[in-house]
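Participant: The structure under discussion is supplied below as structure tokens; questions concerning it will follow.
The values are calculated or read from the model by the stated rules, or taken from the named source; none is laboratory data. The shown structure was predicted, so the numbers you read here are calculated from the model rather than taken from an experiment. Every residue, glycine among them, receives a Cβ derived from its backbone with ideal geometry; neighbour counts consider all protein chains shown.
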Amino acid sequence: MRFFIPIFCITLSLWGFNVSKGKTLLLTLPSPSGIIASNDHNISVLLHPCDPTKGIAMLPIDYYALSGEHNLTWSAPGKKEAIVLTIVEGDYPTETLSVNPAKVTPPPEALDQISAEKEEASLLYATFTPVRYWNKPFILPIESNITSAYGSARTYNGTLKSYHGGTDFRALTPLPVRASNNGIVVLVKERYYSGGTVIIDHGEGLYSCYFHLSRFDVHTGDYVTQGQTIALTGDTGRITGPHLHFGIMLHGIQTDPLDLLKQIEHLFTSTKGLL
């Protein structure tokens, strides 16, 4: 999780954070401008949703990121601050699942479909919409028990295949699925692994994902509002039983959805930032 270690010097403020793989570092900054720069990419500072004098930067940490210290810099007009980001291993469980063998080792005729869907998703998540559609905390898509948390290492039919990139909610009978926040529907589709899929663009590189759906109640291009019913839960795709998979993609990286939503909620309850 996150730990803030302020170290104040005469000429430089050095900020240090420990963040687990798969989580997001959400920074509150004393100015709504500039960029957070690392060796391989830049993240723009965005306007704080409650305080126009402050900024925020959301930095997702890849599940497979290298552990150890990473040097970042916040650069803004008249400011340059150093940030030391220490990436640590996440404390995630393991899961053993039994599914249709074709979903573990797909038949040759499904490989083109899987490849096309992967490329389509990569292009979609890489799109940065320079508009923020949300103006309040996110909500959960359904109220139900969590059956599988983000980050679990998953063994399918005895073979380690992946980690769990979202949070699963129990839904033994079809339940209405709500939009987690305002946004534009950018994908409504049946897919090989995720089954019935709806993806919502919330702007500024943030997407919410809803998988294994049995019915769609929206179309690509629709503007949806928080709490609007977008689909029904189901048991489509690679699945052991009916449930809803809820995921968040941020700047093209899967991140723990409940962790990020909790941090965004905190923005609306506290405007205390880094000074």
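Participant: Of the residues that sit in the range 228-256 and are of a type in the set (S, T, Y) and in a strand (DSSP E or B), which one is surrounded by the most Cβ atoms within 10 Å (Cβ to Cβ)?
Facilitator: Pass one, the range 228-256, residues of a type in the set (S, T, Y): 229, 233, 236, 240, 255.
So of that shortlist, the ones also in a strand (DSSP E or B) come out as 229, 233, 255.
Numbers: T229: 15, T233: 28, T255: 24.
In this case the residue turns out to be T233.
Participant: Need the failing condition index for E117 against (1) acidic (D, E); (2) under 24 Å from the mean Cα position of the chain (by Cα); (3) exposed (fewer than 14 other Cβ atoms within 10 Å of the Cβ), just the number.
Facilitator: (3)
Participant: Follow-up. When you go through (1) in the same structural domain as S148 (by TED's automatic domain parsing); (2) of a type in the set (F, W, Y); (3) more than 20 Å from the chain's Cα centre (by Cα) one by one for W74, which number turns out not to apply?
Facilitator: (1)
Participant: Among the residues that make up the range 59-72, is at least one of them at pLDDT 95 or above, assigned to a strand (DSSP E or B) and within 18 Å of K262 (Cα to Cα)?
Facilitator: The answer is yes, given that some residue of the range 59-72 is at pLDDT 95 or above, assigned to a strand (DSSP E or B) and within 18 Å of K262 (Cα to Cα).
Participant: Does E81 count as of a type in the set (D, E), under 30 Å from S148 (Cα atoms), over 20 Å from the mean Cα position of the chain (by Cα) and at pLDDT below 95? Reasoning before the result, please.
Facilitator: Details: of a type in the set (D, E): yes; under 30 Å from S148 (Cα atoms): no; over 20 Å from the mean Cα position of the chain (by Cα): yes; at pLDDT below 95: yes.
No; evaluated as a whole, the condition is false for this residue.
Participant: Taking the options G203, G234, name whichever one is over 17 Å from the mean Cα position of the chain (by Cα) and either of a type outside the set (S, T, N, Q) or at negative phi (or both).
Facilitator: Testing whether each residue is over 17 Å from the mean Cα position of the chain (by Cα) and either of a type outside the set (S, T, N, Q) or at negative phi (or both) leaves just G234.
Participant: Does the range 172-186 contain any residue that is of a type in the set (A, V, I, L, M), under 20 Å from the mean Cα position of the chain (by Cα) and surrounded by fewer than 19 Cβ atoms within 10 Å (Cβ to Cβ)? Let's see the steps before the verdict.
Facilitator: Residues of the range 172-186 that are of a type in the set (A, V, I, L, M), as a first pass: 172, 175, 177, 179, 184-186.
Narrowing the set further to residues that are under 20 Å from the mean Cα position of the chain (by Cα) leaves 177, 179, 184-186.
Pick out the ones that are also surrounded by fewer than 19 Cβ atoms within 10 Å (Cβ to Cβ) and you get 184, 186.
The answer is yes, given that some residue of the range 172-186 is of a type in the set (A, V, I, L, M), under 20 Å from the mean Cα position of the chain (by Cα) and surrounded by fewer than 19 Cβ atoms within 10 Å (Cβ to Cβ).
Participant: Restricting the search to the range 39-59, which residues are loosely packed, with under 15 Cβ neighbours inside 10 Å and under 19 Å from the mean Cα position of the chain (by Cα)?
Facilitator: Of everything in the range 39-59, those that are loosely packed, with under 15 Cβ neighbours inside 10 Å and under 19 Å from the mean Cα position of the chain (by Cα) turn out to be H41, N42.
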